[in-house]
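The values are calculated or read from the model by the stated rules, or taken from the named source; none is laboratory data. Values in this document were obtained by computation on a predicted structure and should not be read as measured data. Here the Cβ is made from the backbone with ideal geometry for all residues, glycine too, and neighbour counts use every protein chain on show. Keep in mind that these areas ignore ligands, DNA and RNA; they rest on the heavy atoms of the full protein, side chains included. Shrake-Rupley method; radii C 1.70, N 1.55, O 1.52, S 1.80 Å.
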Amino acid sequence: MNGWSHHLIIAPILIPLVAAAILVVIDERQRVTKAMVSLVSMLLLLTVAFILFRIESGPNGYEGVYLLGNWSAPFGIVLVLDGLSALMLLLTASVAVAALVYSLARWHAMGSHFHSMFQLLLMGVNGAFLTGDLFNLFVFFEVMLAASYGLLLHGSGQLRVKAGMHYIAVNLAAALLFLIGVSLIYGTAGTLNMADLAARIPDMEADRRMLMEAGAGVLGIAFLIKAGMWPLCFWLPTAYSAASAPVAGVFAILSKLGIYVILRLTMLLFDNGPSAGFGSTVLLYGGMATLIFGTIGILASQALGRLAGFSVLVSSGTLLMVLGINDGAVSSGALLYLVSSTLTISAFFMLIELVERSQDAGANVLAVTMEAYGDADEDEPEEGDGVTMPGTMAILGTCFAMCGILLSGLPPLSGFIAKFAMLSAMMGTGAIGVPPTAPVWTLIILVILSGVAALISMTRVGIRTFWTSLEGVVPRVLVIEIVPVMFLLALTLFLTVQANSAMQYMDTTIRTLSNPSLYIDAVRNATVVPGVDDGTGGGH
Amino acid sequence: MEIILSIAIGVMTSCGVWLILRPRTYQVIIGLSLLSYAVNLFIFSVGGVKTNVPPILSEGGGHDLLADPVPQALVLTAIVIGFATTALFLVVLLASRGMTGTDHVDGRGEKR
């Protein structure tokens, strides 16, 4: 990567930042202008993410180190683009573009500053994926969280304010834990640059190491709260089901952000030396507990929103368990699962609102659940203008069935391929060829059971929604509401068809990740741009 | 010096933890503020407690004449972010109070 394309690395942070700044000053009444600015920024972001992904999936890996302010690595702040972050950027952009288009039907007009907050959320998420520095990770995390607080409350209503209050309190406490962890690591290792940290940790003295591991543990809790590991996850289903549909759709990526950071840090920092494999037992058993909790939750939920919320937990639990095993072949299957499940859950959150529109709010089972978790007095937005989708129930039903197949991991869609890749690697038929141990058998059984639970639950809800007598009115669904859902589901279809090349990409990514010296060398050897050493920009 | 700092951090943390477990929203927000003060002091202290030393390496001066500047920069960022998010939480708290008529964290309890 050289020339102008080198600067593309920072574009996923700058584009939403600039768009958000422009959007703040545009008057709230000029909805069309706001929507256009937001949409243009989103499409730019998708293009940039795609170009970065293409560059990264090319022959040469780690050249995407960007020195901010032209300061060399341990002193300045770096952005690092590798296979994993490029993949996550593309996933974020795809989910976000779908959620944004969906929101244009009516949700974006339900309160002020929707578009600004949406862009800032993307800035925070993209920054967190790209940063190579722990403190900057904190800053981007906070940007993302602050925007997510606003987005969760978007549309207002008593239920959202209550869920939002819990969400904010939990995340403020998590941010404090984050700070404690970061400062402990700085106090013991003397650096916050991830590459520098990874190089120093294997040779650390024993007394410092203990404190450093304590710091890393505290830091890990902050991310596990975000990822929703049991018992840190009770806020998640309520918050996600209370959020408005497009917001919940984009929130599907936030829990994966927690998973991403844990994956990145464990593979980078605790690869070798006396601290190797730090925390993997916690991840393994915590993931199991999360998966069990999520499965029970799925079986128990009557409301579709909570069902989707617990699906997030199932997905997180599966991924955390796999991180706990820390085996290359299983991890690459898990990456595919991460992509597939994020797309599915995001599509499902948006689909739910369309499906529920057909149900009479007063006369269904939802009322009971709603009563248990708060008053069902959320204000429904007024119907938008636009082209209505013909054959609504048929299309909604097909999308719903696809979501069910993807969530439960049945063939032929990508949910099955991802689970198959993980399970076959666990059973030892994959690249490693080691016969599974007792925890791994438990894990295999749990993954299969969670799929069965998802299938039972989705079938039950599907029958109740689509096969009932036609008392409920056929919902009025706009084209721009159903197209984003279909777009996300089409992406999973694409993943299914292109499963071979997708798996190859995941394999390469995991293989690069499991060799941290590549990352460390790339960051350490990144050279400053010569000729701009005029006293303001640094250099040597 | 170190002992006073540690006691201050410990007392504030324990008060903060007790307060965020209380059922009234006002107690929760005060607890979060106390916790963030404790964390800020903690970040400040990981660079080593030194008095009367500038955070800039002077010419000919050794490491003893230097206070670590990084924790100072970190704590500044943490203070700003903590302040902003606490202010935001306060707004949500007031909105919840207005909607439910009670300051219980779950919106339950007797109306006042």
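With +1 on each Lys and Arg Cβ and -1 on each Asp and Glu Cβ, how big is the dipole of chain A about its Cα centre, in debye rounded to the nearest 20?
620
Straight-line reach from A:Lys419: which lysines have a Cα under 29 Å away, not including same-chain ones fewer than 8 places off?
Those lysines meeting the cut-off are A:Lys226, A:Lys256.
7 Å from Cα along Cα→Cβ at both A:Thr437 and A:Met36: what's the point-to-point distance in nm?
According to this spin-label approximation, the distance is 6.1 nm.
Taking only protein heavy atoms and a 1.4 Å probe, what accessible area per residue, in Å², does the protein assembly as shown have with all protein chains in place?
It amounts to 41 Å² per residue over the protein assembly as shown.
Suppose the chain between A:Ser280 and A:Asn525 were pulled fully straight at 0.36 nm per residue; how much longer would it get relative to their current alpha carbon spacing?
Taking A:Ser280 through A:Asn525 to full extension adds about 85.2 nm, to one decimal.
Per residue of A:129-140, how many C-beta atoms from partner chains lie within 10 Å of its own C-beta, taken as a mean? If you can, show how the numbers build up before the last one.
Working: counts 0, 0, 0, 0, 0, 0, 5, 1, 0, 4, 4, 0.
So the per-residue partner count for this stretch is 1.
In nm, to one decimal, how far is the modelled label at A:Arg460 from the one at A:Leu518, with both set 7 Å along Cα→Cβ?
4.5
Would you list the P(r) distribution for the range A:42-116, with all Cα-Cα distances sorted into 5 Å bins from 0 and each bin expressed as a whole %?
Result returned by the calculation: 3, 15, 17, 16, 16, 13, 9, 7, 4, 1.
Efficiency by 1/(1 + (r/R0)^6): what FRET value for A:Trp467 and A:His166, r their Cβ-Cβ distance, R0 = 41 Å, to the nearest 0.05?
So, using R0 = 41 Å, E works out to roughly 0.70.
List the residues, sorted by chain then number, that are 5 or more residues from A:Val477 or on another chain and whose placed amide H is less than 5 Å from its amide H.
A:Met389
Taking amide H atoms as placed 1.01 Å from N in the peptide plane, list the residues 5 or more away in sequence, or in a different chain, whose amide H sits under 5 Å from that of A:Gly64.
Result for A:Gly64 returns A:Leu81.
Once you have a ≥ b ≥ c as the square roots of the Cα gyration tensor eigenvalues for the range A:1-155, tell me rounded if a/c is under 1.5, and otherwise prolate or oblate according to whether a/b is larger than b/c.
In terms of gyration-tensor shape, prolate.
Quick check: with the 1.4 Å probe, what order do A:Ser517, A:Ser41 take by accessible area, largest first?
Output order, biggest surface exposure first: A:Ser517, A:Ser41.
Other chains near A:484-493: what is the mean number of their Cβ atoms within 10 Å of each residue's Cβ?
Values: counts 0, 0, 0, 0, 0, 0, 0, 0, 0, 0.
Partner Cβ neighbours, averaged per residue: 0.
Counting pairs of alpha carbon atoms under 8 Å apart in space and at least six apart in sequence, what relative contact order in percent does chain A give?
18
Got a sec? Which residues in the range A:483-502 would a label at A:Ser424 touch, if it sits 7 Å along Cα→Cβ and we count backbone N under 18 Å?
A:495-502
Mean-square fluctuation check for chain B, GNM, Cα pairs under 10 Å: which of B:Val11, B:Val28, B:Val80 is largest?
Among B:Val11, B:Val28, B:Val80, the largest mean-square fluctuation in the Gaussian network model of chain B belongs to B:Val80.
If you take the beta carbon distance between A:Ser156 and B:Leu21 as r and set R0 to 22 Å, what does 1/(1 + (r/R0)^6) give as a FRET efficiency, to the nearest 0.05?
The calculated FRET efficiency here is 0.20.
Could you list the residues of the range A:150-182 with an amide nitrogen less than 16 Å from a label point located 7 Å from the Cα of B:Asp106 in the Cα-to-C-beta direction?
Hits in the range A:150-182 for B:Asp106 at 16 Å: A:159, A:162-167.
Which FRET efficiency value, to the nearest 0.05, is calculated for A:Ser5 and A:Ala401 with the Förster distance at 45 angstrom and r the Cβ-Cβ distance?
For A:Ser5 and A:Ala401, the calculated efficiency is 0.60.
Helix check for chain A. Which DSSP H runs span at least 27 Å along their own axis by Cα, with a mean Kyte-Doolittle hydropathy no less than -1.0?
Working: long enough: A:31-56 (37 Å, 1.62); A:83-103 (30 Å, 1.98); A:158-189 (46 Å, 1.27); A:206-227 (30 Å, 0.87); A:245-269 (37 Å, 1.82); A:280-300 (30 Å, 1.69); A:304-325 (32 Å, 1.69); A:328-356 (41 Å, 1.48); A:438-466 (41 Å, 1.68).
Those that pass (Cα extent of 27 Å or more, hydropathy at least -1.0) are A:31-56, A:83-103, A:158-189, A:206-227, A:245-269, A:280-300, A:304-325, A:328-356, A:438-466.
Which whole number gives the average count of other chain Cβ atoms within 10 Å of the Cβ atoms across peptide A:314-322?
Details: counts 0, 0, 0, 0, 0, 0, 0, 0, 0.
Across the residues of A:314-322, the mean count of other-chain Cβ atoms within 10 Å is 0.
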